[in-house]
Amino acid sequence: MPGQKDHANLFDDARSRLEEVFEAIHVHGDARERLKQPNLAMQVSVPVRMDDGSLRVFPGWRVQYNNTLGPAKGGIRFHPDVSQEEVTTLSFWMAVKCAVVDLPYGGGKGGVKVDPKRLSKLELERLSRGYIRAIADIMGPDRDIPAPDVNTNPMVMGWMADEFDHLARGKVPAAITGKPPALGGSLGRVAATGRGALHVLDLWAAREERKPEETTLAIQGFGNAAYHFARLAHERGYRIVAVSDSQGAIYSRDGLAPDPIMEQKTQHQRLHEMVYCDDSVCIAENVEKLERDELLGLEVDILVLAALENQVHEHNVGQVKAGAVLEIANGPVTSYADEQLEARRVPVLPDVLANTGGVIVSYYEWVQNRSGERWAEAEVNARLAERLEYQSRLVLERAEREEISYRKAAYRQGIERIADAIQLRGNCQGSE
Ligand code: NAD
């Protein structure tokens, strides 16, 4: 609702975007009701034998938002702030984004409330396997296909896939995506989210007649998705002037090179300590240290949000001075802040389009696993580019034609596809 402040509840905030879409594209009442809540939300507890012999029990969830277009699909997050509300919201966004890029999936998401940095590698493996044992009954290649998200990676997916195979008494590689390539993972999956975000940015920049070398970027969050985006954007000629992580931020008007930053980070060097150029720590000359959230207020061409949800909200949206925003994270801008940016005519390339590279290549992994094929990385990347450019063009052209934001255009594209399918399936589904 215009003018209203942020909702207290993340899911209410996310769902509030549906009303505008329902009205604009005349969604039937049955479909509206169906889309307002998830199909299934499962809470589990995951017991883990710790290395010291004690037992700890971690709460976890798996939510399947909607399965009209296909099986549920979505990542698993390990984070101390995970809650059922967060997992439900993330599953809702997955449902929208799969439909925006025309994948035969509904949305799903999973999570465990845990700080994985406090677990040993063996404890993490026991937790990963325990979580899969807890949700195995609702999983499977035709029901619900998990993948990585924050703090889960190909190694974790490998353990999870192995556990599912044990339970199924056979090989079911299409049950989980984001696996290591040696276990049936797709080549190109690790970089896919960042690569996809760059395709969306490139397409938009070309329409705006903006050259990469004349475009500055500030990137919030320097994790998996952001690093690959930054590496590829740097190769394309974009100038990355600032990056941040949960501890702090660094800035250089001359531009930062992502690879040395990542090298230092993997050697346990803190990002905001990389500013001092001595023998042990040096990533570039003229690097300044910033407070973490100062990055959000930098005067850059593009602010790239690649950390977590709710980063730009009613209290800090006024500080954003970037010319445009690219959302790699899920839900980094609240609906209120989004309205403020729209009113100020700051274009936002929305999450439900810009971060779909990961789920698109997860879909390619599922297709390869089901057909027994192995595609070369170049083929995966070419298919990703083709799909994303086609679907992004539809969104950007719709936004221009209907004179609406890119987010509204993307939501209309996605919700239209789901709502049409709900209608076409007939009235009997769910009413018997
Ligand atoms: P990650 O855990 O690898 O990276 C997250 C990064 O954000 C870390 O560097 C962390 O230090 C940083 N961070 C956390 N809080 C911050 C803050 N307040 N300010 C600045 N930095 C902060 O996770 P990821 O896989 O790169 O995912 C990042 C986001 O992208 C999430 O919202 C995720 O849901 C979304 N996403 C990821 C993928 C994927 O394939 N990895 C796909 C789609 C969407």
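The values are calculated or read from the model by the stated rules, or taken from the named source; none is laboratory data. Small disclaimer: the values here were computed from a predicted structure and weren't measured. Methodologically, a virtual Cβ is constructed for each residue, glycine included, from the backbone with ideal geometry; neighbour enumeration extends over all protein chains shown. These accessible areas exclude ligands, DNA and RNA; they are computed on the full protein's heavy atoms, side chains included. Shrake-Rupley method; radii C 1.70, N 1.55, O 1.52, S 1.80 Å.
Let me confirm something: among Phe229, Phe222, which residue is within 16 Å of the ligand (Cβ to nearest atom) and either part of a loop (DSSP other than H, G, I, E, B) or polar (S, T, N, Q) (or both)?
Values: Phe229 fails: either part of a loop (DSSP other than H, G, I, E, B) or polar (S, T, N, Q) (or both).
None of the other options fit; the residue is Phe222.
Filter the range 241-273 down to the residues that are more than 16 Å from Arg292 (Cα to Cα) and touching a His at 6+ places or on another chain (Cβ under 7 Å), then identify the one that is nearest to the ligand (Cβ to nearest atom).
Out of the qualifying residues, it is Pro258.
Those residues that are open to solvent by less than 10 Å² (accessible area, probe 1.4 Å) and either away from the ligand (no atom under 16 Å from the Cβ) or farther than 26 Å from Gly331 by Cα (or both), I need them from the range 151-173; list them, please. Walk me through how you get there before you give the answer.
Our first condition is that a residue be open to solvent by less than 10 Å² (accessible area, probe 1.4 Å); within the range 151-173, this holds for 156-158, 160.
Across the range 151-173, the qualifying residues are Gly158, Met160.
Starting from the range 200-225, take each residue that is more than 12 Å from Leu349 (Cβ to Cβ) and list its partners that are aromatic (Phe, Trp, Tyr) and more than 16 Å from the ligand (Cβ to nearest atom), counting only C-beta distances under 8 angstrom and pairs at least six apart or across chains.
Pro212/Tyr238; Glu213/Tyr238; Thr215/Tyr238; Thr216/Tyr238; Leu217/Tyr238
Quickly run through the range 128-150 and pick out the residues that are within 16 Å of the ligand (Cβ to nearest atom) and either assigned to a helix (DSSP H, G or I) or touching a His at 6+ places or on another chain (Cβ under 6 Å) (or both).
Ser128, Val150 - these are the residues of the range 128-150 that are within 16 Å of the ligand (Cβ to nearest atom) and either assigned to a helix (DSSP H, G or I) or touching a His at 6+ places or on another chain (Cβ under 6 Å) (or both).
Pairs, please: C-beta under 8 Å, at least 6 apart or cross-chain, first residue farther than 22 Å from Val156 by Cα and in the range 58-86, second within 16 Å of the ligand (Cβ to nearest atom) and part of a loop (DSSP other than H, G, I, E, B)?
Leu69/Leu103; Leu69/Tyr105; Gly70/Leu103; Gly70/Tyr105
How many residues does the range 309-367 hold that are in contact with a Phe, Trp or Tyr (Cβ under 9 Å, 6 or more places away or on another chain), more than 16 Å from the ligand (Cβ to nearest atom) and open to solvent by less than 10 Å² (accessible area, probe 1.4 Å)?
Residues flagged as in contact with a Phe, Trp or Tyr (Cβ under 9 Å, 6 or more places away or on another chain), more than 16 Å from the ligand (Cβ to nearest atom) and open to solvent by less than 10 Å² (accessible area, probe 1.4 Å) within the range 309-367 amount to 1.
Kindly check whether there is at least one residue in the range 86-98 that is of a type in the set (D, E, K, R), touching a Gly at 6+ places or on another chain (Cβ under 6 Å) and modelled with pLDDT of 95 or more.
Narrowing the range 86-98 to residues of a type in the set (D, E, K, R): 86, 97.
Filter once more, keeping what is touching a Gly at 6+ places or on another chain (Cβ under 6 Å): none.
No, the range 86-98 contains no residue that is of a type in the set (D, E, K, R), touching a Gly at 6+ places or on another chain (Cβ under 6 Å) and modelled with pLDDT of 95 or more.
Collect the residues in the range 72-123 that are within 13 Å of the ligand (Cβ to nearest atom), open to solvent by 10 Å² or more (accessible area, probe 1.4 Å), more than 24 Å from Glu19 (Cβ to Cβ) and not basic (Lys, Arg), keeping them in residue-number order.
Those that are within 13 Å of the ligand (Cβ to nearest atom), open to solvent by 10 Å² or more (accessible area, probe 1.4 Å), more than 24 Å from Glu19 (Cβ to Cβ) and not basic (Lys, Arg): His79, Pro80, Asp81, Asp115, Pro116.
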